[in-house]
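Scroll down for the structure; my scribbles are underneath it.
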Amino acid sequence: MKTYNYTFYNNNLGDLINYNLFKDEENILVQIFCGHDSSTLALLSNTICHHLPQAICIGTTTDGEICESKISTLKTVISISIFENTFLKAHSLEGEDSFNMGYEMAENIVTDNTKLIITFTDGTGTNAEEYLKGIEKFNNNIMVCGGMAGDNGVFKQTYISISNKVIPKGYVAVSLNSDVLKVTNARKFDWVPIGLEHTIDKVEGNRIYEISGMNPSEFYKKYLGESVAQTEFPLIVERNGIPTARAVLEHHEDGSLSCGGNLRQGDKVKLGFGDAQSIMNNPLSSLNTIFDHPIETFYLYSCMARRRYMRELIKLETQPFAAIAPTSGFFTYAEFFHKDGHNELLNQTLTVVALSESSGTFDSLDIHPEKKTKSKKDASFAKTLKSLTHLIQKSTDDYQRQSESLNESKIYSQRLLASQKQFLKHAVHETNTPLSIIMANIELYEMKNGKDDYLTNIEVAMKNLFSIYDDLSYLVKKDQIEYPKHEIDFTDFVRSRIDFFTPVASKVNSKFIFKAPKERMFILFNESKLQRIIDNNLTNAIKYTYENEDIYVTLKKEKDIYKFLISSHSKKIQEPDKIFKEYYREELSKDGFGLGLNLVKRICDEEGVEIYLESNEYFTSFAYLFKGEI
């Protein structure tokens with residue numbers, strides 16, 4: 001086979017191609033990589049089909065063109081390949097169901113000896129990933145290459161063509177069928193993930209509606225600002241253990257974004273950036289072992305982001321191929337690749353197809369040294385890119401190590417908390433029985449021998465222990481069991497808890513003064529939760545009230561609201577905003593853990609109980625507003 005590549009610009013078509021070279025050839029493949037508009041694509045297609053009616057001619061608009069070692073924009077490259085022992089078969093389709101279009105395309109062009117399918121789709125209207133799956137469904141052993149059409153980064157309207165027909169939305173493909181044609185493909189990615197991992201919350205196919213709780217457009221603005229092109233900074237997701245980019249191709253009015261390939265709900269993604277050092281390395285160095293036959297033609301289908309990211313330096317990536325064999329291609333909105341029985345839609349990737357009908361021997365590729373950047377401007381830009389890449393990589397490595405260290409600490413803390421919770425659970429369980437036995441024996445002893453100061457002290461201490469035990473028991477069980485509500489006589493309940501703690505108050509020479517309406521007051525509440533509210537307030541009042549001062553407990557009815565009020569003469573609370581926080585204590589000299597009022601606050605928040613606190617030099621009062629039974 002032989003390939004001839006031409007660059008069209010400034011209306012030089014008349015003198016550009018010597019059609020006499022091809023007039024006697026039967027198997028001719030023409031690829032038009034058009035950096036102009038659709039009218040130019042139509043003109044070139046019509047002209048070539050007129051002069052070479054026997055040729056298969058397919059075309060696409062681009063975001064840049066490749067002709068030998070040169071990269072261009074806003075020009076058109078015409079690649080003409082002639083084959084001696086390869087039969088070509090082409091077809092086009094237009095339709096909404098991309099998967100079925102792919103299957104139907106394969107049905108129309110695949111033969112028993114198909115070695116390669118070259119296919120182009122429009123760049124904005126089709127789901128190329130589903131299209132490739134359709135081809136794979138028909139036959140997953142045939143190599144596929146090509147890409148999605150571009151429109152020079154405008155993302156409004158792309159075109160593809162077949163023969164003299166220009167198609168704004170659809171699919172064109174040609175199959176290369178031969179017993180002697182050798183085809184090898186390779187790819188080069190060079191984009192690396194950076195920063196935090198994010199989750200795709202809502203997506204339909206290739207259109208993202210929510211990332212980590214954020215509107216996708218706002219997500220990109222947050223991390224890249226408004227002036228950066230998102231195409232060069234794709235989302236990177238792992239597919240079968242391989243990092244795969246999903247570049248943004250289209251913005252929608254609702255802030256959603258369409259990508260060059262599909263994503264799934266729950267996908268973990270990171271933003272990616274181009275590793276300039278890796279991109280500038282000779283691609284043949286990493287692809288040398290891939291090619292195992294003499295090469296007569298290279299087709300390159302490379303991502304637009306590579307050209308835009310590397311600017312003039314992107315030629316370093318294509319020059320080594322042109323030094324070996326005729327090379328042509330274009331910069332796409334997404335690249336098509338085949339590996340291990342699967343067709344893949346790629347972004348940010350250079351894909352290479354090497355073809356030959358030669359039966360000659362092959363040792364290895366002649367890897368030419370990298371050409372030095374000629375201009376000082378390019379050399380300076382290359383150094384800047386390398387330095388920036390190095391900075392980002394090292395910063396990312398540092399962040400990754402810090403993240404791993406934090407994650408290890410988090411896991412350790414979680415295990416420690418789990419062990420602590422398990423210990424507390426067992427401790428609470430084992431404490432109940434001895435506490436109950438001690439209290440029962442105190443009561444039996446008092447019945448037989450009467451009270452004395454020593455026994456009273458033990459009883460007071462035991463009641464304090466019971467209060468702490470009840471708090472811990474509630475904290476341990478609150479997430480494991482339900483606390484049903486039932487009707488409670490509020491007055492009788494508060495009175496019973498006052499009676500329980502009266503001996504404790506008497507040890508500091510305080511007594512409870514309880515006032516309540518004569519009529520009965522009923523609330524719908526859980527008894528365990530209500531006891532935590534009442535007991536913690538009573539024990540705190542005992543603990544902080546000045547000695548020889550009374551503690552006033554009042555129940556009031558105000559319409560359908562019942563107010564539980566407890567007040568006494570004590571020190572002024574200095575930090576009212578902190579008093580309900582976990583582990584906070586106003587007076588460190590007092591016993592306790594700083595958990596009681598926090599527990600009260602949590603229960604009140606759960607049950608809609610309002611809390612009011614007032615404290616000055618003369619008294620401190622806590623008021624709780626309960627909804628009465630209706």
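The values are calculated or read from the model by the stated rules, or taken from the named source; none is laboratory data. In this text the structure is predicted, and so the values were computed from the model without any measurement. Backbone-built Cβ (ideal geometry, glycine too); neighbour counts: all protein chains shown. The protein model used for the area step is the full one, side chains on, heavy atoms only, and it has no ligands, DNA or RNA in it. Shrake-Rupley method; radii C 1.70, N 1.55, O 1.52, S 1.80 Å.
Taking the protein heavy atoms of the chain in the context of the full set of protein chains, the accessible area attributed to carbon and sulfur is 49 percent at 1.4 Å. For segment 95-159, the calculated P(r) over all alpha carbon pairs, in 5 Å bins from 0 to the bin holding the longest distance, is 4, 18, 28, 22, 14, 8, 4, 1, 0 percent. For the chain, the longest principal axis of the alpha carbon atoms and the long axis of helix 376-449 meet at an angle near 30°. Charged neighbours of ASN616, selected by a Cβ distance under 11 Å, balance to 0 (K, R count +1; D, E count -1). For segment 47-163, the Kirkwood hydrodynamic radius from C-alpha pairs, put into Stokes-Einstein at 37 °C and a viscosity of 0.692 mPa s, yields a diffusion coefficient of 212 µm² per second. Selection among THR40, TYR454, PHE22 by position relative to the dipole of the chain gives TYR454 as farthest towards the positive end (Cβ unit charges, Cα centre). Peptides 214-223, 144-153 ordered by packing proxy, namely the average of other Cβ atoms within 10 Å per residue, highest first: 144-153, 214-223. Annotation for SER413 and THR199: the two label points, set 7 Å from Cα along the Cα-Cβ direction, are 1.9 nm apart.
Per residue, the accessible area of the chain comes to 49 Å² when a 1.4 Å probe rolls over the protein heavy atoms.
The angle between the Cα long axis of helix 527-544 and the main principal axis of the chain comes to about 60°, on a 0 to 90 degree scale. The separation of segment 54-90 from segment 137-159, counted between C-alpha centres, amounts to 14 Å.
Rank by packing, highest mean first: peptides 552-563, 520-531, with packing defined as the count of other Cβ atoms within 10 Å averaged across residues. Intermediate values should be presented prior to the final figure.
Details: 552-563: 15.0, 520-531: 17.6.
Per-residue mean Cβ counts within 10 Å order the peptides as 520-531, 552-563.
When peptides 94-107, 317-330 are ranked by their average number of other Cβ atoms within 10 Å per residue, the highest-first order is 317-330, 94-107.
Cα centroids of segment 505-554 and segment 192-266: 58 Å apart.
Over the Cα atoms of segment 91-221, what is the Rg over Rh ratio if Rh follows Kirkwood? Walk me through the numbers before you get to the answer.
Values: Rg = 17.5 Å, Rh = 16.8 Å.
Expressed as Rg/Rh, it is 1.04.
In a simple Cβ point-charge model (Lys, Arg +1; Asp, Glu -1; nothing else charged), segment 495-613 has a dipole of about 280 debye relative to its Cα centre. Distances between placed amide hydrogens fall under 5 Å for ASP63 paired with GLY150, ASN152, PHE331, all partners being 5 or more residues away or on another chain. Subtracting the Cα-Cα distance of TYR399 and ARG264 from their residue separation scaled by 0.36 nm leaves 45.9 nm.
Applying 1/(1 + (r/R0)^6) with R0 = 25 Å to the Cβ-Cβ distance of PHE514 and ARG602 gives a FRET efficiency near 0.40.
In the chain, the DSSP-assigned H stretches of four residues or longer account for a calculated mean residue ellipticity at 222 nm of -11500 deg cm²/dmol, using -39500 (n - 2.57) per stretch and the full residue count as denominator. Projecting the Cα atoms of ASN536, THR73, HIS569 onto the charge dipole of the chain, computed from C-beta unit charges around the Cα centre, puts HIS569 farthest toward the positive end. Basic side chains Lys and Arg get +1 at the Cβ, acidic Asp and Glu get -1 at the Cβ, and with that the dipole of segment 140-235 about its Cα centre reaches some 360 debye.
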